[in-house]
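Let me begin by presenting the structure, written as structure tokens, before commenting on it.
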């Protein structure tokens, strides 16, 4: 569902996604052209895409809001995502076109084990297609997403489900 844009950011767009995993995050979008298997496709040590067949080979997901069609392949992707979250090399949030229980599981496990939130949302197709690489995204705990085209400010970060939590903080 598309929400009205805010008056302070001309050209911004807001909509609501379906949360698979709650949390909030703000950061610059990294939009992938194809699905990604985190198992064998993401190096959890440095957050880089290592799948040699992936169009975004070498791009880094760390401290970005990852926007991708969905996951691909192995159920071990949840383990790789949880490990990247533990290491601090994971994306700040994940926006999907198609629901992916495996990626959601990795984020849920990381919440439980490491007390760190990475929101995972599913977007409607028109909203998904409206996000461009480099757009600034803000995700709130209710699943609202705000897009400011082509603006990647320095205030990126991950926070807990509470709106008052600071950037990159854990839910304590």
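Figure legend. Inter-residue proximity from segment 70-83: first residues surrounded by fewer than 16 Cβ atoms within 10 Å (Cβ to Cβ), second residues part of a helix (DSSP H, G or I), beta-carbon distance below 7 Å, spacing 6+ or different chains. Indicated pairs: 75/102.
Does residue 107 satisfy being within 20 Å of residue 49 (Cα to Cα), modelled with pLDDT of 95 or more, assigned to a helix (DSSP H, G or I) and touching a strand residue (DSSP E or B) at 6+ places or on another chain (Cβ under 8 Å)?
yes
For segment 52-61, filtered to residues that are touching a strand residue (DSSP E or B) at 6+ places or on another chain (Cβ under 9 Å) and farther than 27 Å from residue 124 by Cβ, the residue that is surrounded by the most Cβ atoms within 10 Å (Cβ to Cβ) is 60.
Residues of segment 84-93 that are buried (at least 19 other Cβ atoms within 10 Å of the Cβ) and touching a residue at least 40 places away in the same chain (Cβ under 8 Å): 84, 89, 90, 91, 92, 93. Reported count of residues in segment 22-40, each being under 17 Å from residue 71 (Cβ atoms) and either out of contact with any helix residue (DSSP H, G or I) (no Cβ under 9 Å at 6 or more places or on another chain) or surrounded by fewer than 22 Cβ atoms within 10 Å (Cβ to Cβ) (or both), is 9.
The rows are residues; the columns are (1) out of contact with any strand residue (DSSP E or B) (no Cβ under 6 Å at 6 or more places or on another chain); (2) within 21 Å of residue 98 (Cα to Cα); (3) modelled with pLDDT of 95 or more; (4) surrounded by fewer than 16 Cβ atoms within 10 Å (Cβ to Cβ).
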position	(1), (2), (3), (4)
7	yes, no, no, yes
11	yes, no, no, yes
14	no, yes, yes, no
19	no, yes, yes, no
47	no, no, yes, no
50	no, no, yes, yes
65	no, yes, yes, no
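When segment 110-130 is limited to residues that are more than 12 Å from the chain's Cα centre (by Cα) and part of a loop (DSSP other than H, G, I, E, B), the one that is nearest to residue 23 (Cα to Cα) turns out to be 116. Take the conditions within 25 Å of residue 147 (Cβ to Cβ), touching a helix residue (DSSP H, G or I) at 6+ places or on another chain (Cβ under 9 Å) and buried (at least 16 other Cβ atoms within 10 Å of the Cβ) and apply them to residue 120. Does it pass? Spelling it out, residue 120 is indeed within 25 Å of residue 147 (Cβ to Cβ), touching a helix residue (DSSP H, G or I) at 6+ places or on another chain (Cβ under 9 Å) and buried (at least 16 other Cβ atoms within 10 Å of the Cβ).
The values are calculated or read from the model by the stated rules, or taken from the named source; none is laboratory data. These figures come from a predicted structure and were not determined experimentally. With ideal geometry, Cβ positions are generated from the backbone for all residues, glycine too; neighbour counts draw on all protein chains shown.
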